[in-house]
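All of the numbers you see were taken from the coordinates with simple rules; none came from a lab. Quick caveat, the model's predicted, so the values are computed rather than measured. Virtual Cβ from ideal backbone geometry, glycine too; neighbours counted across all protein chains shown.
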Amino acid sequence: MDVVADSEKIAIPTWPYAYGGPCGQGVLRASPEDFVVTEELGFVPSGAGEHVFVKLQKTSENTEYVARLLARFANVRQRDVSFAGLKDRHAVTTQWFSIWLPGKPMPDWSQLALANIQILDVLRHNKKLRRGVIAANHFKIVIRDWQGDFVHTEQQLQAIKQLGVPNYFGEQRFGNAGQNVTQALRLFAGAKVKREQRSMYLSAARAFLFNQLLSRRVAEATWNQALPGDVFILNGSHSFFKADAAQETMLDHRLATMDIHPSGMLHGVGQSVVSETVAEMEAMALASYPALAQGLLQEQLEQDRRPLRVAVPDLAWQRPAPNVLAIHFSLPVGSYATAVIREIIAGH
């Protein structure tokens, strides 16, 4: 029996836009080659150790499938293959995997001959590849059959380059029609789920509550401004701080120069670090979805913070043809290309 009634299922809304909404439309991912993602690790493999790091390019394949393929090829358990982050399936993506091969010879990678997977580099390292150890993901995206107001779109792109975008979790985090959030409600109501699914559903629930908070601040145009009680995150870092009286005079300058960003809750157990106006806003977001908020506490997730804004300083664009728009940019780990695309393209 379904433990969550249809009336309790959560629909994913269209979150507010920072720059007035898209004034163009087009076709995204007309082919995998129109969506290219290149992963940049946050370190260089040492060249020695029990773990073999494999850099490969894959086309129209998801990350977990490739991990299973590598495990079979290297004759190891699936859990001995690691990767730093999931990548889009409908794309051409370059990323690293690590394979634990203690005391074992190097496989003959030339025998892994597949049309849609190419080995680019192989290095040894003394530690496994862990989730999130990515310096950046670099995107090259082509929108075909583009139509719209290019003058306005270019103004939006200039604003994004200068001011960044709201750091929304992407729609893929929530699953088709928000099913991952609904599954989180089922988990909280006592349904049994597999371990890997549990992690996905909990992440979706936290992401939904974060987006709810961020959407209010976008609607009120405070997603890139300091509010009373805010906690800030250093750009390119996970470190956060609460400004004291001596620092408050510099906040506007540091926000304007993208040195720091306001942060939002990743709900969980622990004492909240925000106060005043921001504490009230976060409490209201949680009160709107009590089953999600209480469920995350019940599952003992520790609270964390996430920047409300993501900087896109290397954003560039071209129109190689009147009906084609090509954009290039980089994002830190945890941020989504859809957060940029949604501001300029409708129905992506």
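For the chain, set up a Gaussian network in which alpha carbons nearer than 10 Å are linked by springs, and say which option among 152, 90, 267 fluctuates the most.
Top of the fluctuation ranking is 152.
Quick one: net charge around residue 34, please, counting Lys, Arg +1 and Asp, Glu -1 for every other residue with C-beta under 12 Å from its C-beta.
Values: positive: 29, 140, 144; negative: 33, 88, 145.
It works out to a net charge of 0.
What is the Cα centroid distance between the stretch 80-151 and the stretch 278-310, reported in whole angstrom?
32 Å
Let a ≥ b ≥ c be the square roots of the eigenvalues of the Cα gyration tensor of the stretch 43-132; is it rounded (a/c under 1.5), or, if not, prolate (a/b larger than b/c) or oblate?
Numbers: a/c = 1.62, a/b = 1.36, b/c = 1.20.
Prolate shape, in that a/c is at least 1.5 and a/b is the bigger ratio.
Picking from 14, 151, 256, whose Cα lies most toward the positive end of the charge dipole for the chain (charges on Cβ: Lys, Arg +1; Asp, Glu -1)?
Selected residue: 14.
Dipole magnitude of the chain about its Cα centre, charges +1 at Lys/Arg Cβ and -1 at Asp/Glu Cβ only, in debye to the nearest 20?
For this selection, approximately 1240 debye.
State whether the stretch 241-307 is rounded, prolate or oblate according to the following rule on the C-alpha gyration tensor (a ≥ b ≥ c being the square roots of its eigenvalues): a/c under 1.5 gives rounded; otherwise a/b larger than b/c gives prolate, and the remaining case gives oblate. Write down the numbers at each step before the final one.
Numbers: a/c = 2.58, a/b = 2.35, b/c = 1.10.
It is prolate, given that a/c is not under 1.5 and a/b is the larger ratio.
Pick out, from 81, 347, 185, the residue whose Cα sits farthest towards the positive end of the charge dipole of the chain, with +1 on the Cβ of Lys and Arg and -1 on the Cβ of Asp and Glu.
81
Using the Cα centre as the reference, give the magnitude of the dipole from point charges on the C-beta atoms of the stretch 43-132 (Lys, Arg: +1; Asp, Glu: -1; all else neutral), rounded to the nearest 20 debye.
Details: 14 positive and 7 negative charges, 62 e Å.
Charge dipole, the stretch 43-132, about its Cα centre: 300 debye, nearest 20.
Assigning unit charges at the beta carbon (Lys, Arg +1; Asp, Glu -1) and nothing else, what dipole magnitude in debye, to the nearest 20, does the stretch 198-267 show about its Cα centre? Intermediate results must be reported in sequence, preceding the final value.
Working: 6 positive and 6 negative charges, 86 e Å.
Dipole magnitude for the stretch 198-267 comes out near 420 debye.
Identify the residues of the stretch 176-212 with backbone N under 16 Å of a label point that sits 7 angstrom from the Cα of residue 291 along the Cα-to-Cβ direction, or state none.
178-192, 201-202, 204-206, 208-209
Distance cut-off 26 Å, Cα to Cα: go down the list 87/128; 127/161; 104/140; 58/192 and report the pairs above it. Present the calculation step by step, with values, prior to reporting the outcome.
Numbers: 87/128 19 Å; 127/161 36 Å; 104/140 38 Å; 58/192 34 Å.
Pairs exceeding 26 Å: 127/161; 104/140; 58/192.
With springs connecting C-alpha atoms under 10 Å apart, model the chain as a Gaussian network and identify which of 264, 20, 148 has the largest mean-square fluctuation.
For the chain, modelled as a Gaussian network with Cα springs under 10 Å, the answer is 20.
Which residues does a label at residue 111 reach in the stretch 25-62, if reach means a backbone N under 20 Å from a point 7 Å past the Cα toward the Cβ?
Only 51-56 fall inside the zone, counting backbone N under 20 Å.
Test of understanding: what is the full-extension gain from residue 138 to residue 239, defined as 0.36 nm times their sequence separation minus their Cα-Cα distance?
Details: separation 101, 0.36 × 101 = 36.36 nm, distance 2.31 nm.
Value of the extension gain: 34.1 nm.
Want the number for residue 299 to residue 249: 0.36 nm per residue separation, take away the alpha-carbon distance, what's left?
14.0 nm
Quick check: net charge around residue 284, other residues with Cβ under 13 Å of its Cβ, Lys/Arg +1 and Asp/Glu -1? Display every interim value, and only then the final one.
Numbers: positive: 216, 217; negative: 220, 280, 282.
Spelling it out: positives minus negatives among the neighbours equals -1.
Count the net charge of all other residues whose Cβ sits under 12 Å from the Cβ of residue 250, scoring Lys and Arg as +1 and Asp and Glu as -1. Show your work: numbers first, answer last.
Numbers: positive: 254; negative: 244, 248, 252, 259.
Cβ neighbours under 12 Å give a net charge of -3.
So between residue 64 and residue 48, what do we pick up on full extension, going 0.36 nm a residue minus the alpha carbon distance? Present the calculation step by step, with values, prior to reporting the outcome.
Working: separation 16, 0.36 × 16 = 5.76 nm, distance 2.55 nm.
Gain on extension, residue 64 to residue 48, equals 3.2 nm.
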